[in-house]
Structure formats: structure tokens, C-alpha cells
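Participant: Here it is, the structure in full.
The values are calculated or read from the model by the stated rules, or taken from the named source; none is laboratory data. What you see is a predicted model, and the numbers here were worked out from it, not measured in a lab. Every residue, glycine among them, receives a Cβ derived from its backbone with ideal geometry; neighbour counts consider all protein chains shown.
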Amino acid sequence: MWKIFELYALISIVSWGIAMVLLAFRKPIVARISDALVLLGIISLSFFIVKLWMFLDRPPLRTLGETRLWYSLFISCIGYVLYKRWNYRLFLAYALLMALVFMIINYAKPDIHDKALMPALQSVWFVPHVIVYIVSYAFLGFSCLLGIIGLYQVYKGIDSKQVLGIAENIIYIGFGFLTLGLLFGALWAKEAWGHYWTWDPKETWALLTWGVYIVYMHLSLQNRKSPRYYLWFITLSFTVLLIAWFGINYLPAAQMSVHVYSN
Amino acid sequence: MKSPSRTMWEQPWGYAEAFAIPVALFLGAAGFEFVTGKAAPTLSFPTNVVVLLVLINVIIILHAASAKNTIIRWFSSIPASIGALTFFLAVSLIMALVPQQEHPHSLFLFYNVTSSWLYYVATGYLLMVLGMVSVRRLFPVSKKNIGFFLNHLGLWITITAATFGAGDIEKYTMSVREGATEWRVMNANNTIQELDFAIQLKDFEIEEYPSKIGFVDMRTGDVLEKNRKKAIFELDTIHGIRFNEYVITIKTYYPTSMFYVQDYFPLSDIGATQSYYIEVSDTKRNKTYSDWIGAASMSQQAKYLILPDSIAIVALQPEAKKFSSRIRLYTKEGSTIDTIVEVNQPITCNSYTIYQTGYDEKMGRWSETSIFELVRDPWLPIVYVGIFMMIAGALYIIWFGRTSKTKEQYVENI
């Protein structure tokens, strides 16, 4: 079955690759072509997943190769939908790049298609949980980048209100996905461990990250201080996210965590 | 809004008060713990329901009073919300930094935060403020408020049900031998209780991953490392395994086999183990070695291949890929249900959720015992209501983002 993957994967990889390049141009006709290519890539991959599902007679969710197909599919879909809604071309380009990376890994390393996931990861929640976090971290990382650009503008004496405005909207979107990640994790934990919240160090840090962004969203509603203050907050909030992401591997409290991915 | 000449506690209150109140609550909770030296009691039915009703009443009364009293009204303001949330996050931060212990003798607010007074006070204060905020924007009911309503009330419901329901969660373990029927379970204090249904274990099955292959230093017994990566490799029949000057080629792999005299034979009797016939070429010395290696099992010793420099190539204890129990449930009403319990695929019977958690690890894949965890959480449906409200709220935020409306609405409502 994975033999015909090459054909479908090639269609997706080529069309997404061209679409990414076309995103750099602003002409309406070019935009329409790139839209069509993104959709073509999504349709081609969906076709393959449906065929694989029918062939295996079970949802293709059990091996690393299979989960990567879903990553590519959902990330490109989310990228496209949010692009249509918010017109963030950079985000679509990023989403397509991530989707491409997962496709290319599957394409180039066919021998790991059949590597089974460990029992605790074999769940319908695994893929959505990971995808919403990938999207969320991308948005929040992007907001941090805008925070740094804004701070540069502030210290150069340039008006940074517009950058701050975009960064704030992006935080809202990233926060939405962060919430989904946290809640999907809770629903999954109930299925896998018997409880939806166990104060596992990774969970605790994820909660802290979530909380810091809530604090920001409320602070910014009052809009009392100068942009500099908010830009610093945005930039520094991301460090909490980084601790939750991989910093916890080095924390003493996290040695018992089920989420620590090192040996 | 804020006048520079205002001193603390002088109205209108702002951020100074928003943080002073949590600090006072922190000191109060810590002081109370030092005086009593005890953890906070766990609230279970019916006390938790009573306390919850009191909390809801307090929120409603405060909401009613807030129309006339600016200080009470302040508790549903943004500064108060940020103060309450920061307090809760600060308490979570303790948990995030200090390794938590099951039963510490003292200093619960550090070593077992969730059983400390501090945790209850921080949660209680957050719920009070969040509750007041939610109620304040609940009326008049309008479409504009839907995102706000889903996120705030959803969070309030989730935290409330999770906190007040924690004491009502029943958790038991049950271990059943193949063929046996069991209705007794054990709680965390090793007390045995009887259920109103029984589980008969028809069959317990384990699928294993192929044994990993490792390089071990015979003198110390440690796995060798290269660039801080352990020299442990997964079965790779196509490319072979490379480590330093050694290249391993796998000639034969038996998922189940027994060692006899000097060879492994493919057999699947009790105690059979995984084995490999490997060829190791030493590219530095231009030598080739070949022999069987096999993982240890309940009846078989491990077999290594020994290289010069006291290095051994070993087959590691295989890891479980999937384990599942085929069971029959008998209820008191006389019905029987045949089903399968797997990791990530629990089943529900008479309000208990049954999870596959373990097996007899000494016996490995030959285990004849399956271990289940049974959980009953009567507050779970309420928690789920909150969680699904928040999921809807998150989708709302993703779609609408921070539109200019968000700001207008806030200004309208202040």
C-alpha cells in the first residue's frame, strides 16, 4: 500500500512546494493558483489516507508513518483555513513547510512507516493533541518574534502600535489552540490514565504557560501603559512556553513526568 | 482612572490591592498550616456539596451587593482577576518546581501542594473572582457575550467540579488470574472492598517489540555511550547496526525461541524468549565474530556475544507493545458482557471505568495475571460540560481573534 504513496505524496509535495513560492507574490491571479495548489495537495493526501484506511481496515493511527500523514493533512488544512480567515501568508507558508517536512520524512524513510507507537500513544487523541500544539507554538512563537521587532522599533523611536496590534491578534489565535491542546490532553489522559488532570510537571508547566497568556490578554484590555511594556510581556511570555516545551527535561520536579522524552 | 496621589486601600482600588490581597491570603494559609501542622481535609460528599452551595451563594450575594458597593464591584474587575489568577499560578509554580511527595510529614504547601490549605485558599479565591466575573456578564444574555460566557463560565465549571469532586473519586486496583473471577478490589490504603459486579479474566495477551540490541561494558555492567547517546539499537535487518568499529548484521531473528545445548530453536513454550543470530565485523581489526544472543526470560538466562576489550553485545529485555485482557463481566442483575480491555481503551460498567494498567512483570509475556484500575468519578459529567464549553470558547477565539469588539465590549462593561 505504501508503494502507491509515492505518487500521491509527490503530487502533494510538488503542489505545496510551488504554492509556497507563489505566496511571495501579491497578484490576485497568482494567489488563486496557489490556493488551488494548496487544495490539490490536501485532496491528494486525503485520497491516500482514505485508501490506506480502507486497505488496513482500521484507522491509520498506529505507526509513526501513519501519524505523520495526519500531521501533514491537518496542518495544511488549518493553515489554509486560517489563511482564508486572517490572511496571514507567513503562517500558511509555515504550515505548508511543516506539512512538507512530515511528507518528506515519510517519502525518504519508508522503513519507519511500520514502526509502531508505544501502547500509551495509540489513541485517537494523539494526533489532534500534537497538531494543535504545533499550531499554537507556531503562533505564539510568531507573536514573540513580533514582540522583538516591536521592541526594536520602540528603541529606534518608530511607532510600534501596528506591530503590537498584529501580535495581540496572533496571541488570541495561538491561545485558542493552546487551550485546545490542554483540553485534548485532559480528555486523552482520562482515557489513558484514568484521570483528566494529575499535576504531572508537563501539565503544570502547560497550565502556567496558558495562565501567563491569560494574564496578558487581560492586561492588554486596559491598554494603559506604553506599547514597550506590552511588547516586553509578549516576548518574555514565550520563555515560559519554552520551559514547558523542553526546559522541563532539566527540572528536578520533572524527573517523574510521563512527558519527559529523554532516556 | 488611577490618580498618582492615591495611597493604598484608598479607592478606586487597582493593582496594588489586587496583589496585596493574595499575599495576605498566602500568609494566612501558610500561618494556618504552621499552627495546625496538618494538611487540609479532603472534601467528600456531602460536605463538598454544602461548601459548593455556600460558595455559589456567596458569589450571588456579592454580585447583588456589587451594584451599590464599589469595593465589592472591584472584585470582578480586571486587576482583581489578574491578581487572583496570578495567585493560583504562583501556587502551581511551587508544584512545577518542587518535586511533590505522596505523604510528606510537614510543609504541605511545598511538598504536597494539592493537599495544603494554600491550594484551597488560592482555588477558592480564584473561583470567587471568576464566578463574580462570569455572573456579571451573564446578564443580559446576548449573542455578543457568547465567547466570554463559554470561556469564563466553562473554566469556572471545570475548576469547581474538579476541585469539589476530587474527594468523591473512588480508585481501586484489581488483579485477576487467568480463568479466575474476581469482585474484590483494593483501594490505596490496601483495604479490600466488594463490587456489585465481577470480572472473569478469559485471556491475557502481550505483544512485544523486537528486543533492542545493546553494547555493554562487561567490567561495569553499564551500557556504552557515544556522544552521550546510549549504544542501544532497534532491530534493523536492512541496514544493520553500526557502533564505533563494529557492524552487526542480523542473520536470524526468532520472536520466540528456547536455547538448547548451543543454539536457539523457534519454540513458543512458556518462558520462550527472543533471540538473534548475529554476525559482528570489527572493521578496525578486520575480524568477524558470530553467535547467538538472547534476552533473559523467566526460565532462560540471557546469552551475550563477547568481544575483545570486555565489550558484550546483548539482547535487552523486550518492551510490551500492546497488552490486552479478554474479560467477561457478571452483574448482580444476572447479565454477562464479553469484552476486551486495552491500554487507552477502557470500558465502563456500573459507573466504574475499568482500565488495563499492568500485569505480572516478573513473568513478562507469560503473565497469567492482569491488573486493572477501576475509577468512579461522579463529578466527571460536570467537568466535561466545562471542558466542552471551553473547547467551543477556544474555537470562538481562534475564529474571531482579538477583534476591535473585544475592547469595546470591555469598555462598555466597566
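Participant: Right, B:Ser134: free of Cβ contacts under 8 Å to residues at least 24 places away in the same chain, touching a Phe, Trp or Tyr at 6+ places or on another chain (Cβ under 8 Å) and farther than 30 Å from B:Glu102 by Cα or not? I'd like the intermediate steps shown before the answer.
Facilitator: On the way: free of Cβ contacts under 8 Å to residues at least 24 places away in the same chain: yes; touching a Phe, Trp or Tyr at 6+ places or on another chain (Cβ under 8 Å): yes; farther than 30 Å from B:Glu102 by Cα: yes.
So B:Ser134 passes the test.
Participant: Within segment B:84-128, track down each residue that is in contact with a Pro (Cβ under 8 Å, 6 or more places away or on another chain), surrounded by 23 or more Cβ atoms within 10 Å (Cβ to Cβ) and either among the polar types (S, T, N, Q) or more than 10 Å from chain A (Cβ to nearest Cβ) (or both).
Facilitator: Passing the criteria: B:Ala84, B:Phe87, B:Ala122.
Participant: Residue under question is B:Ser299, and the condition is that it be out of contact with any strand residue (DSSP E or B) (no Cβ under 8 Å at 6 or more places or on another chain) and in contact (Cβ under 8 Å) with a residue 12 or more places away in the chain; does it hold?
Facilitator: Working: out of contact with any strand residue (DSSP E or B) (no Cβ under 8 Å at 6 or more places or on another chain): yes; in contact (Cβ under 8 Å) with a residue 12 or more places away in the chain: yes.
So B:Ser299 fits the description; yes.
Participant: Could you tell me which residue of segment B:303-350 is nearest to the other protein chains (Cβ to nearest Cβ), considering only residues that are in a loop (DSSP other than H, G, I, E, B) and closer than 30 Å to B:Arg285 by Cβ?
Facilitator: Taking segment B:303-350 and keeping what is in a loop (DSSP other than H, G, I, E, B), we get B:304, B:308-310, B:316-319, B:332-335, B:343-344, B:346, B:350.
Of the ones still in play, those that are also closer than 30 Å to B:Arg285 by Cβ are B:304, B:308-310, B:316.
Values: B:Tyr304: 21, B:Pro308: 27, B:Asp309: 24, B:Ser310: 23, B:Leu316: 13 Å.
Checking each candidate, the answer is B:Leu316.
Participant: Would you tally the residues in segment A:215-229 being within 12 Å of chain B (Cβ to nearest Cβ), assigned to a helix (DSSP H, G or I) and of a type outside the set (A, V, I, L, M)? Full working, then the answer.
Facilitator: Going through segment A:215-229, the residues within 12 Å of chain B (Cβ to nearest Cβ) turn out to be A:215-225.
Among the residues that remain, those that are also assigned to a helix (DSSP H, G or I) are: A:215-222.
Cutting the leftovers down to of a type outside the set (A, V, I, L, M) gives us A:216, A:218, A:220, A:222.
Summing the residues that are within 12 Å of chain B (Cβ to nearest Cβ), assigned to a helix (DSSP H, G or I) and of a type outside the set (A, V, I, L, M) in segment A:215-229 gives 4.
Participant: Just to be sure before I move on: is B:Thr220 among the hydroxyl-bearing types (Ser, Thr, Tyr), in a strand (DSSP E or B) and either surrounded by fewer than 17 Cβ atoms within 10 Å (Cβ to Cβ) or over 30 Å from the mean Cα position of the chain (by Cα) (or both) in the structure I sent? Explain how you work it out, then say what you get.
Facilitator: Numbers: among the hydroxyl-bearing types (Ser, Thr, Tyr): yes; in a strand (DSSP E or B): no; either surrounded by fewer than 17 Cβ atoms within 10 Å (Cβ to Cβ) or over 30 Å from the mean Cα position of the chain (by Cα) (or both): yes.
No, not satisfied.
Participant: Quick one: would you say A:Lys190 is assigned to a loop (DSSP other than H, G, I, E, B) and either more than 9 Å from chain B (Cβ to nearest Cβ) or not aromatic (Phe, Trp, Tyr) (or both)?
Facilitator: Working: assigned to a loop (DSSP other than H, G, I, E, B): no; either more than 9 Å from chain B (Cβ to nearest Cβ) or not aromatic (Phe, Trp, Tyr) (or both): yes.
In short, no.
Participant: Another one. Please work out which one of (1) within 32 Å of the chain's Cα centre (by Cα); (2) not in a helix (DSSP H, G or I) is the condition B:Leu89 fails and give its number.
Facilitator: (2)
Results for (1) in contact with a Cys (Cβ under 7 Å, 6 or more places away or on another chain); (2) under 30 Å from B:Gly165 (Cβ atoms); (3) of a type in the set (Lys, Arg), shown as yes or no for each residue.
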residue: B:Ala312; (1), (2), (3): no, no, no
residue: B:Gln317; (1), (2), (3): no, no, no
residue: B:Lys322; (1), (2), (3): no, no, yes
residue: B:Asn344; (1), (2), (3): no, yes, no
residue: B:Tyr359; (1), (2), (3): no, no, no
residue: B:Val383; (1), (2), (3): no, yes, no
residue: B:Phe388; (1), (2), (3): no, yes, no
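Participant: On the basis of being under 30 Å from A:Tyr213 (Cα atoms) and modelled with pLDDT of 95 or more, does B:Ile398 make the cut? Even if it seems obvious, please write down each step before you answer.
Facilitator: Numbers: under 30 Å from A:Tyr213 (Cα atoms): yes; modelled with pLDDT of 95 or more: no.
No.
Participant: Are any residues in segment A:53-82 among the aliphatic types (A, V, I, L, M), closer than 29 Å to B:Tyr209 by Cβ and surrounded by 20 or more Cβ atoms within 10 Å (Cβ to Cβ), and if so, which ones? Before the answer, list the steps.
Facilitator: Kept after step one, since they are among the aliphatic types (A, V, I, L, M), are these residues of segment A:53-82: A:54, A:56, A:61, A:64, A:69, A:73, A:75, A:78, A:81-82.
Pick out the ones that are also closer than 29 Å to B:Tyr209 by Cβ and you get A:54, A:56, A:61, A:64, A:69, A:73, A:75.
Correct list: A:Leu69, A:Leu73, A:Ile75.
Participant: Any chance segment B:239-259 includes a residue that's in a strand (DSSP E or B) and small (Gly, Ala, Ser)? Break it down into steps so the answer makes sense when it comes.
Facilitator: Here is the first cut: in segment B:239-259, the residues in a strand (DSSP E or B) are B:241-243, B:246-259.
Still in the list and also small (Gly, Ala, Ser): B:257.
Yes; the residues of segment B:239-259 include at least one that is in a strand (DSSP E or B) and small (Gly, Ala, Ser).
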